[in-house]
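The values are calculated or read from the model by the stated rules, or taken from the named source; none is laboratory data. The model shown is predicted, which means the values in this text are computed figures rather than measured ones. As a convention, Cβ positions derive from the backbone with ideal geometry for all residues, glycine included, and neighbour counts pool all protein chains shown.
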């Protein structure tokens, strides 16, 4: 390496006192009072600015009903995986099917309207508890029948019977409904929480930090369910160019017993990350005024109303809660498109439906819930 060139390289970027680092620190210093929203895969933290302590809202794993609904939504891919295991000649499919059948029967016995109304008691599901319990009962019954038939005659376990006798017998609708219900609950709580914070959205700095799902997914704002919820909660006031998805950013664990020590410790790093990125963005105006600027745009979603449409490269548009062709197509897309988070299947539609209902979840039509 040539020493003179290396020193020149370090002068701008590769040194703690480089020009680039100085600019990043200057931008950070001027944004100390701006609210910073940091989102991990499970929690939202709001740093109000000016050294004030953060507040945290958990939105996924620790919330009531999430794991119960997720367990039910997994029935479709679980049974499909058994079909694939048999196709691949893996004898282990039978033992796995027996275990799944045992757990499905136990879950069906534990499920009830009272369970959802009195114990799980999710505010966003109030008034729907019987429908949810009935949907789960039906899904468990269909799953048990299909598994029993397959264990009695393994030749029955094929992709054709999976689609005809299982998925088309209410399981597709159940998967749509469970995804939607989870997104509805999270969107309801996140929107209420943000409303209570009385945020200046135009000045907000947003970092979607760390891995959000499978390693290849959720790395752009339009494939991140968390970004979708934050943008929806802002009701259009948060500029899209202030949302940065940073899969390699540091994250904090969900606070235990209200201890925010690790959340507080990350504020400086997260502010530096956001402002360092912003510093480079703002060089565009300085260097290239008069040339077209970058402006983030919203995707135009493809329309799958025409049954002749055989493939799409993005999530299809959903025209209504009855648009099951688009909704089930989304179930397929989140499996096949490695950019997509499974949780992003209908998050945008749920968030938009909640907003259209004036943030009243009882007025939202849940697709697939009664379509059994």
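Brief remarks on what is shown
- First in the stretch 317-337 and under 16 Å from residue 73 (Cβ atoms), second anywhere and surrounded by fewer than 19 Cβ atoms within 10 Å (Cβ to Cβ), Cβ under 6 Å, 6 or more apart: 334/342
- Residues of the stretch 232-242 that are in contact (Cβ under 8 Å) with a residue 24 or more places away in the chain and in a loop (DSSP other than H, G, I, E, B): 234, 235, 237, 238, 239.
- Per-region count, the stretch 243-276, residues under 22 Å from residue 32 (Cβ atoms), free of Cβ contacts under 8 Å to residues at least 40 places away in the same chain and surrounded by fewer than 16 Cβ atoms within 10 Å (Cβ to Cβ): 5
- Residue 155 over 22 Å from residue 368 (Cα atoms) and modelled with pLDDT under 95: no
- Apart from one condition, residue 229 fits all of (1) modelled with pLDDT of 95 or more; (2) surrounded by 15 or more Cβ atoms within 10 Å (Cβ to Cβ); (3) not in a loop (DSSP other than H, G, I, E, B); the exception is (1).
- Qualifying residue in the stretch 327-336 (condition: part of a helix (DSSP H, G or I) and under 23 Å from residue 209 (Cβ atoms)): yes
- Of the set (1) under 30 Å from residue 47 (Cβ atoms); (2) outside any loop (DSSP other than H, G, I, E, B), all apply to residue 340 but (2).
- Some residue of the stretch 304-313 being free of Cβ contacts under 8 Å to residues at least 24 places away in the same chain, buried (at least 16 other Cβ atoms within 10 Å of the Cβ) and in a loop (DSSP other than H, G, I, E, B): yes
- Of all residues in the stretch 281-300 being in contact with a helix residue (DSSP H, G or I) (Cβ under 9 Å, 6 or more places away or on another chain) and closer than 18 Å to residue 340 by Cβ, the one that is surrounded by the fewest Cβ atoms within 10 Å (Cβ to Cβ): 298
- Filter pass, residue 50 being under 29 Å from residue 231 (Cβ atoms), exposed (fewer than 12 other Cβ atoms within 10 Å of the Cβ) and in the same structural domain as residue 247 (by TED's automatic domain parsing): yes
- Subset of the stretch 1-37 that is in a loop (DSSP other than H, G, I, E, B) and closer than 25 Å to residue 230 by Cα - its residue that is farthest from the chain's Cα centre (by Cα): 30
- Tallying residues that are under 30 Å from residue 171 (Cα atoms) and assigned to a loop (DSSP other than H, G, I, E, B) within the stretch 38-86 yields 10.
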